[in-house]
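Contents: one structure, followed by commentary.
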Amino acid sequence: MRDRIAGRAAQALPVVALSVVVLSMVVLAGCAQTPEALVRTEGMPGQLEPIHAAAFTRDLAVFRVSSNGCTDKSDVKPFITRLKDSAVITLRRLDEDRCASPVRGGVQVEWTFQELGLPPGANVLVNNPYMIDGEAAAIGH
């Protein structure tokens, strides 16, 4: 009888292992979000802008965006979506940078929280993909 139980356990092991792998994939898929998952961007003008970096102080939002040599603050517009306890910033490129001198690491653009209509110290989330090794990548939120 002990051998029969051991045999059944051995047969069930691959099924259990597969179940754990599938369950893990489902759980991880729920954690990995695309930038579009935070807020909907349909209807916003321009193109969703991949960013190189984002940083926030108590009253300042700083981003690094790609540039072919002519990008400035007026080419990129922040759209604010308010959630329960935070604000989501979505950067949209309004004007294409057609220059031919790419800036490695992008250029810095910044807005005060006052410019964004946010109170000092507001909890802020970013709705843009991040540039990693020159390619846009979704970062889980």
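The values are calculated or read from the model by the stated rules, or taken from the named source; none is laboratory data. It should be emphasised that the depicted structure is a prediction, and the values quoted were computed from it without experimental measurement. In this analysis, Cβ positions are derived from the backbone assuming ideal geometry, glycine residues included, and neighbour counts consider all displayed protein chains. Ligands, DNA and RNA are excluded from the accessible area calculation, which covers all protein heavy atoms including side chains. Shrake-Rupley method; radii C 1.70, N 1.55, O 1.52, S 1.80 Å.
Scanning region 117-141 for residues that are surrounded by fewer than 18 Cβ atoms within 10 Å (Cβ to Cβ) and at pLDDT 70 or above gives GLY117, PRO119, PRO120, GLY121, ASN123, VAL124, LEU125, TYR130, ILE132. Note on region 72-94: among residues that are in contact (Cβ under 8 Å) with a residue 24 or more places away in the chain and open to solvent by 80 Å² or more (accessible area, probe 1.4 Å), the one that is nearest to ILE51 (Cα to Cα) is LYS77.
Number of residues in region 24-58 that are within 15 Å of ARG92 (Cβ to Cβ) and at pLDDT 80 or above: the value is 14. Here the condition is being open to solvent by less than 70 Å² (accessible area, probe 1.4 Å) and at pLDDT below 90; of ALA17, ALA61, it holds for ALA17 alone.
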